[in-house]
Amino acid sequence: MSRLTLGPLLGLYFLLLALLVWARPLLPVDETRYLAVAWEIHLSGDPFHLTRNFAPYADKPPLLFWLINLVWMVTGVNEFAARLVGPAFAVAMIGASAALAARLWRDQPSVPRDNAIILGNTLGFLLFGGATMFDTMLGLAVLLSLRQLWRIGIEGQGGWRSWAGLGLAFTFGFYAKGPVILLHLAAPLLFFRWWAVERIGARRFGLGLGLAFLVLALGALLWLVPALLTATPDFRHELLWRQSAGRLGGGLAHDRPFWFFLVVLPVLLFPWSLSRPFWKGLADAAGSGDPGLRLCLTWFAGAFVLFSLTASKQAHYLVPELPAAALLTARMLADGRRPVASAASWLCLIAGLAILSLALLDLGGLTARFLPDLLSAGQWALVGLLILLLGPLSARLGFVAGQASLGFGLVAVLYLVAASGGMFREYDSEVLRQALVQSGNGPWAVTGAKYEAQLNFAGRAIRAIPTLSDRVAIEHWAAATPAGVLFGPVEGVAVEVAPERSLRYDGVELGIWSARAIAASAPHIKVSPPSGSAALAGAAVLLSR
């Protein structure tokens, strides 16, 4: 595949992902939390000791936060610029996947381009490729690792340089999302002799892999040593043990049943999961002598099984495996006659017709409302019509372009629904920030919920936003901080006075109270004049706007 062909395609995908980023707010709790960590690195100038709400943060390694700060060195602190880091790595994933396809099947020149289009228009890739998260960086690290393994196992380049290169790819993955990269690569390593042509002896393989792990260890220590030398024992335990063992054995967030990915995977891979070439690629790979198909099968199926067996599961954990599915599908398309359409086209046709029919019934007042009241009946009719049109459109464009139109078209419709129904506004931390500013110019505090630093970046906080646990703590805070503003879920907040404002944020009805109103409702608490630090915090909040 020529660079002239791939280059414009990658540029187009970057523009599409950037458009999707621009069209929605920074989403809680993940994206808001990661921007907060990057913001606090910017404030402290310390790239080794990560903090969230100015407390030690050990959940993730530092690469994403470092890169965001590098971007800010050029653009200044800017939300949109920071949010383009994720799409940049997503586009790099497409390029690396196409480059790997060219190595796997040198005699099939159509596979790299088809692979790029298939991957770039997979529903899971479009939804998570623009996210300010770690999975596209990890996906690129996995692709680079597999490239090195292919050089070792197929191209006969099994010298120490190739193994050291594998170690560098491991290190990149570690800095992207931690040691979980080894879980993504476990099956290709364990089944190396099944898919590889080069018959590397066990001793040579072990020495090479040992070198790769040595490079990984040395690279990881460049961050871990300065981070741990001055860390507390609790932080060391969190970083070195709990984050890995807890995700495997359970006890952390996102614990889900073993069948979770069975349900999620067809959605992530839409529309290709409803196409014959993808399933044919999976079926043919096991019995094929094609090392490329075998590698893709071990990569895809191995990660699926291993992550299904772990306790902690999120849909985006399998983003690094999306290129494997795209490679299998593209390879099958190179072998035979391309279908005109797939079940996904018929599904869109039927679903669009159903939504349009129900919306027209609602418009005519013939029945009780069937569709959710997120949109008006007229808006639902437009959504149904758009989904309905995707079916015949995809059939007329040819298989690859048609299926790609289904993937991107469905994401565009989802964004339309979210924007038209006001869903994006309910997840916009800027809306919450503005409501807090209207209630007072003092420092903020939160109660009634676990605070995940959702407002630290939006509010450009320069110190921790305290979490108040009970009524006594709230009243004492209100007395000591008369210019302050408190927010938290309306249900369960331990104050007698009604909130001055309320709004929905992240699926919860939040109330906003001024500290003066809370203190006035508790006359037994003596109100203090604003302290110097409180006044400074309030001024900082206002100056940051």
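Please treat every number below as a calculation from the coordinates, not as lab data. Small disclaimer: the values here were computed from a predicted structure and weren't measured. In this analysis, Cβ positions are derived from the backbone assuming ideal geometry, glycine residues included, and neighbour counts consider all displayed protein chains.
A few points about this structure:
- Close Lys pairs in the chain, defined as Cα atoms under 26 Å apart and 8 or more places apart or on different chains, number 6.
- Phi to ³J(HN,Hα) by Karplus 6.51 cos²θ - 1.76 cosθ + 1.60 over segment 58-72, Hz, x for Gly, Pro: 10, 5, 9, x, x, 4, 4, 5, 5, 5, 4, 5, 5, 4, 5
- Debye log10 I(q)/I(0) at q = 0.07, 0.08, 0.09 Å⁻¹ for the chain, Cα point scatterers: -0.48, -0.61, -0.76
- Backbone phi angles across segment 394-410, fed through the Karplus curve with coefficients 6.51, -1.76 and 1.60 (θ = phi - 60°), yield HN-Hα couplings of 5, 6, 8, 8, x, 5, 5, 5, x, 5, 4, 5, 5, x, 5, x, 5 Hz in residue order; Gly and Pro are listed as x.
- Between Ala283 and Asp59, the simple label model (points 7 Å from Cα in the Cβ direction) yields a spacing of 4.2 nm.
- For the peptides 510-520, 135-145, the ranking by mean Cβ contacts within 10 Å, running from highest to lowest, is 135-145, 510-520.
- Debye log10 I(q)/I(0) at q = 0.13, 0.19, 0.22 Å⁻¹ for segment 343-425, Cα point scatterers: -0.42, -0.79, -0.96
- Close amide-amide hydrogen proximity is noted between Arg501 and Ile512, each under 5 Å apart and 5 or more residues distant or on a separate chain (H modeled in the peptide plane; Pro and chain starts excluded).
- FRET efficiency, Asp373 to Ala164 (Cβ-Cβ, R0 60 Å, nearest 0.05): 0.50
- Net lengthening on full extension, Glu430/Leu393 (0.36 nm per residue, minus Cα-Cα): 9.5 nm
- On Cα atoms only, tilt of 471-480 relative to the major axis of the chain in degrees: 70
- The translational diffusion coefficient of segment 116-201, from Stokes-Einstein at 10 °C and 1.306 mPa s with a Kirkwood hydrodynamic radius over alpha carbon pairs, comes to 114 µm²/s.
- Dipole moment magnitude, nearest 20 debye, segment 3-335 about Cα centre, only Lys, Arg, Asp, Glu C-beta charged: 660
- Ranked Trp272, Trp105, Trp279, criterion: other C-beta atoms within 10 Å, fewest first: Trp279, Trp105, Trp272
- One decimal place: the segment Leu207-Leu70 gains 45.6 nm when fully extended, by the rule 0.36 nm per residue minus the C-alpha distance.
- Loop-located trypsin sites (Lys or Arg not before Pro) in segment 250-348 (DSSP state not H, G, I, E or B) with no more than 11 neighbouring Cβ atoms inside 10 Å: Arg337.
- Only beta bridges with both residues in the chain are counted; by DSSP, about 70 percent of them are antiparallel.
- Computed over segment 1-153, the Cα gyration tensor eigenvalues convert (square root of 5λ each) into semi-axes of 31, 18, 12 Å, ordered from largest to smallest.
- Electrostatic bookkeeping for Phe170 treats Lys and Arg as +1 and Asp and Glu as -1; over the other residues with beta carbon under 14 Å from its beta carbon, the sum is +2.
- Helix-only arithmetic for the chain: the sum of -39500 (n - 2.57) across DSSP H runs with n ≥ 4, divided by the residue total, places the mean residue ellipticity at 222 nm at -20000 deg cm²/dmol.
- Nearest 10 degrees, 0 to 90: helix 202-229 Cα axis against the chain principal axis: 20
- For segment 279-289, the Karplus equation 6.51 cos²θ - 1.76 cosθ + 1.60, evaluated at θ = phi - 60°, returns couplings of 5, 5, x, 5, 5, 6, 4, 5, x, 8, x Hz by residue, with Gly and Pro reported as x.
- Directionally averaged shadow of segment 306-352, computed from the convex hull of its alpha-carbon atoms, nm²: 5.3
- Estimated FRET transfer efficiency (Arg504, Ala23; beta-carbon r; R0 25 Å; 0.05): 0.80
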